[in-house]
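What follows is a single structure, written as structure tokens, with notes after it.
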Amino acid sequence: MLKSTEYGKEVCVKGWVRSHRGSKNVDFIALNDGSTIKNVQVVVDPTKFGDELLKQITTGACICAEGNLVESQGAGQSSEVQATRLEIYGLCGNDYPMQKKGQSFEMMRKNAHMRLRTNTFGAVMRIRHNMAMAIHTYFHEHGFFYFHTPLITASDCEGAGNMFQVTTKNLYDLKKDENGKILYDDDFFGEQTSLTVSGQLEGELGATALGAIYTFGPTFRAENSNTPRHLAEFWMIEPEVAFLDQEGLMDLEEDFIKYCVRWALDNCKDDLQFLNQMIDKTLIARLEGVLKESFVRLPYTEGINILQEAIKNGRKFEFPCNWGDDLASEHERYLVEEHFKKPVIMTDYPTAIKAFYMKQNFGISGKSGSTGYKGAVAPGPTMQGTDVLFPQIGEIIGGSVREESYDKLMAEINRRGMETDKLWWYLDTRRWGSCPHAGFGLGFERLILFVTGMQNIRDVIPFPRTPKSAEF
């Protein structure tokens, strides 16, 4: 209706009041139904409705307005509604927490059930929807199959142990053996189970049957972290592809994320312009910048040398960055935002700081990247990782070529002292018809953080789950 020029037509609009300002001669009601960042202006002659009704139409109230569509006399809209009938569906008192005046994000998190009605969160949620559509469309157009992996699992993909346990056992009367160890034979699944941290392992099974699959669903991590980059419940996109090598994986990562950014620019223009004005004035330029440049492909060893050279030149970092260290967000952002000024795909990490299933660069001490940096020779074994680092975010994608050799995979599992009783089915893929394959994981909320310019990951998911917070 906002784009309609059928002036004189009778229309009916329904929504929630963003603002209501009045005078003796005319009232203006800004109405929004959530479908767009833009409001419909309803023009009301107070002499036709009376003060009693108009006083009840406050910010947050839900109303229906019928009237004639006319050409707007004010700036900011091409048309408006001259009201002939008003009906109030839901009153909203003065204690409504989402008043028109600016609210802090912390206050809005405490009122997450109401914050969705604000302009900012409406914009974020519409963009979130569009990014989900972009993801499904991209993979469908490229021949991937949407593959559903279980949320309840008996294995720990990442080996970190930070998992939420799933049980029907009576926690006040746990069955234990003579050594005090909890027994699970009387539990629902007959063994210890948890909410998944990743669908990757099952996704690999899908790739060895269907060729190219992707998962897109909720994952969980019981990490007691209160940083602006972590959630206990979050969504992951995890493609796995048979017969894909490291170069092909990096091509896929770059093409996929550029497709998502381009989709946002093409389909979320109004919301992005609003967020660019209200949240981050460099947002649109940063999104457009991602599309203009090829991502730097940087071996970890070269990256460490660059960081250490920066330290020699006076750059201060909170955390150390010696070869073998897992890079902190500050290191990743330095490389992306200050050194290269473009996204970076970091490759060939030390084996010791990455997962057991990643393919090692056997017989290769170091690889040259696309940076032209000299003298980067890895002092230890490396593996074929491909992590995408983005401005404002740090790591946004974590990927690798997977080790397809049963013997090599078992050697790494044994070297790490891992138990294999929960991984027998995963190891079978290396025993029967194994193939080269690769994949990555993209944290959906981190993608939304980048696309919206929001500063806290709790503000890009409708109802965040974090330590000591599971309301709504």
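Just a few scattered comments:
- Qualifying positions in the range 118-131 - surrounded by fewer than 17 Cβ atoms within 10 Å (Cβ to Cβ) and either in contact with a Pro (Cβ under 6 Å, 6 or more places away or on another chain) or touching a residue at least 60 places away in the same chain (Cβ under 8 Å) (or both): none
- All of (1) in contact with a helix residue (DSSP H, G or I) (Cβ under 6 Å, 6 or more places away or on another chain); (2) part of a loop (DSSP other than H, G, I, E, B); (3) closer than 16 Å to Asp387 by Cβ hold for Phe317 with one exception: (3).
- Answer from Lys9, Lys48, Lys24 - the residue that is open to solvent by 50 Å² or more (accessible area, probe 1.4 Å), of a type in the set (D, E, K, R) and touching a residue at least 60 places away in the same chain (Cβ under 8 Å): Lys9
- Leu447 within 30 Å of Ala123 (Cβ to Cβ), assigned to a strand (DSSP E or B) and at pLDDT 95 or above: no
- Among the conditions (1) in contact (Cβ under 8 Å) with a residue 12 or more places away in the chain; (2) in a loop (DSSP other than H, G, I, E, B); (3) open to solvent by 30 Å² or more (accessible area, probe 1.4 Å), the only one that Glu419 does not satisfy is (1).
- Elements of the type strands (runs of 3 or more DSSP E) sitting completely within the range 159-254 and holding at least 2 residues that are open to solvent by 40 Å² or more (accessible area, probe 1.4 Å) and either within 24 Å of His142 (Cβ to Cβ) or touching a residue at least 24 places away in the same chain (Cβ under 8 Å) (or both): these cover 233-242.
- When the helices (runs of 4 or more DSSP H) confined to the range 34-138 are screened for residues that are within 26 Å of Asn267 (Cα to Cα), those reaching at least 2 such residues are found at 112-115.
- Of note, Thr149 does not satisfy the criterion of being part of a loop (DSSP other than H, G, I, E, B) and open to solvent by 60 Å² or more (accessible area, probe 1.4 Å).
- Gln99 surrounded by 13 or more Cβ atoms within 10 Å (Cβ to Cβ), of a type outside the set (D, E, K, R) and touching a residue at least 24 places away in the same chain (Cβ under 8 Å): yes
- The range 390-411: number of residues that are in a helix (DSSP H, G or I) and buried (at least 19 other Cβ atoms within 10 Å of the Cβ): 1
- The residues of the range 450-472 that are outside any strand (DSSP E or B), open to solvent by 10 Å² or more (accessible area, probe 1.4 Å) and either touching a strand residue (DSSP E or B) at 6+ places or on another chain (Cβ under 6 Å) or among the hydroxyl-bearing types (Ser, Thr, Tyr) (or both) amount to a single one, Arg465.
The values are calculated or read from the model by the stated rules, or taken from the named source; none is laboratory data. Keep in mind that what you see is a predicted model, and the values were worked out from it rather than measured. Glycine gets a Cβ as well: all are built from the backbone with ideal geometry, and neighbour counts include every protein chain shown. Heavy atoms of the whole protein, side chains included, go into the accessibility calculation; ligands, DNA and RNA do not. Shrake-Rupley method; radii C 1.70, N 1.55, O 1.52, S 1.80 Å.
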